[in-house]
1. Want the number for residue 92 to residue 123: 0.36 nm per residue separation, take away the alpha-carbon distance, what's left?
2. Hey, which lysines would be in cross-link range of residue 88, C-alpha to C-alpha under 27 Å, not counting anything within fewer than 8 residues on its own chain?
3. Compute the FRET efficiency between residue 78 and residue 51 as 1/(1 + (r/R0)^6), taking r as their Cβ-Cβ distance and R0 = 22 Å, and round to the nearest 0.05.
4. Once you order the gyration tensor axes a ≥ b ≥ c over the Cα atoms, which shape class does the stretch 32-121 get: rounded for a/c under 1.5, otherwise prolate or oblate by comparing a/b with b/c?
5. Taking the Cβ of residue 38 as the centre, find all other residues whose Cβ is under 9 Å away and add up their charges (Lys, Arg: +1; Asp, Glu: -1).
Amino acid sequence: MKLSNSFTVVLNILFTLLVITSPLPLGATNDITTHRIVIHEGKVKGEQTLKFNQGTSINIEIKSDKNMELHVHGYDIKLDLKAGITAKLSFDAQVAGRFSVTRHDAHGNDSHGALFYIEIYPQ
């Protein structure tokens, strides 16, 4: 009986250490999803709606044939693109919803509507 009590104590200590040293809250996930977007002549080639679960770390690699600034509405994230160079858009999907990604002109105005959408589904 004493051996099983010692075993239980050791298990409790190990579990406590695991919880204390975990970089994430208990029950949280650290899913990382990467998508690639290509913009050619002002339009996205391929998938125009990217879908993620809330709590996901989002990584989107974006390459354009022209210089432009992108804006993720709802998250208020801006990203400068240089022609021919892949840029990375990364953020944590904390807020659920459908968010448009638009191109802004030199004055910060939306031009030509949404290039693509990011949909984040609640957990």
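Every number in this text was worked out from the coordinates using simple rules, so none of it is lab data. Worth saying up front: this structure is predicted, and the values here are computed from it rather than measured. Note that we place each Cβ from the backbone using ideal geometry, even for glycine, and neighbour counts take in every protein chain shown.
1. 9.8 nm
2. Residue 88 reaches 43, 45, 51, 63, 66, 78.
3. 0.50
4. Here the stretch 32-121 falls in the prolate category.
5. Taking every other residue near residue 38 into account, the sum is +2.
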